[in-house]
Amino acid sequence: MEYRIYYAKQLPTRILEDHAFVPGQTHAFIRTVEAQSLGEVYHRMQGCIWSPKGEARPIIEAAGVSHTSMSVGDVAVDEDGQAWLCASVGWKEIASK
């Protein structure tokens, strides 16, 4: 399955039930990833995996985000358009606006 990855422009201090995900406004598109599961998405989006020598630095800077590794508050959108928030433990299904 293909996932579109969006990083939060500001990392949250905690995940709220009504966490907003507005592509281009609250989150910046980073890249597309092929993965079999959300767990694999998380693994593939760790900086040491997809940017071991800093290859992602220009992407991160252009997106206006401050982190290379996927973190709490970032979002993966699957092929069906369902948005998944990276939570402190696992993933939370959310709506996109």
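The values are calculated or read from the model by the stated rules, or taken from the named source; none is laboratory data. Keep in mind that what you see is a predicted model, and the values were worked out from it rather than measured. FYI the Cβ positions are ideal-geometry reconstructions off the backbone, even for glycines, and counts take in every protein chain you see.
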(Q) Please go through segment 69-89 and give me each residue that is closer than 15 Å to His27 by Cβ, modelled with pLDDT of 95 or more and in contact with a helix residue (DSSP H, G or I) (Cβ under 7 Å, 6 or more places away or on another chain), ordered by number. (A) Met70, Ala76, Trp84
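Can you report the number of residues in segment 67-78 which are more than 8 Å from the chain's Cα centre (by Cα), surrounded by 17 or more Cβ atoms within 10 Å (Cβ to Cβ) and not aliphatic (A, V, I, L, M)?
Going through segment 67-78, the residues more than 8 Å from the chain's Cα centre (by Cα) turn out to be 67-69, 72, 77-78.
Of the ones still in play, those that are also surrounded by 17 or more Cβ atoms within 10 Å (Cβ to Cβ) are 68, 77.
Now drop any that are not not aliphatic (A, V, I, L, M), which leaves 68.
Qualifying residue count for the region: 1.
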Q.
Looking for something in contact with a helix residue (DSSP H, G or I) (Cβ under 8 Å, 6 or more places away or on another chain) and either exposed (fewer than 14 other Cβ atoms within 10 Å of the Cβ) or more than 12 Å from Ile5 (Cα to Cα) (or both) - is there at least one such residue anywhere in segment 53-65?
A. yes
Q. Is one or more of the residues making up segment 19-40 under 15 Å from Arg4 (Cβ atoms), touching a Leu at 6+ places or on another chain (Cβ under 8 Å) and not polar (S, T, N, Q)?
A. yes
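So, in segment 1-15, of the ones that are hydrophobic (A, V, I, L, M, F, W, C) and either assigned to a strand (DSSP E or B) or touching an Asp or Glu at 6+ places or on another chain (Cβ under 7 Å) (or both), which residue ends up modelled with the lowest pLDDT? If you could, list the steps in order and put the result at the bottom.
Taking segment 1-15 as the starting set, the residues that turn out to be hydrophobic (A, V, I, L, M, F, W, C) are 1, 5, 8, 11, 15.
Now restrict to residues that are either assigned to a strand (DSSP E or B) or touching an Asp or Glu at 6+ places or on another chain (Cβ under 7 Å) (or both): 1, 5, 8.
On the way: Met1: 96, Ile5: 98, Ala8: 92.
The selected residue is Ala8.
Conditions tested, residue by residue: (1) within 14 Å of the chain's Cα centre (by Cα); (2) not in a loop (DSSP other than H, G, I, E, B).
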site	(1), (2)
Ala28	yes, yes
Gly54	no, no
Ala62	no, yes
Val65	yes, no
Asp80	no, no
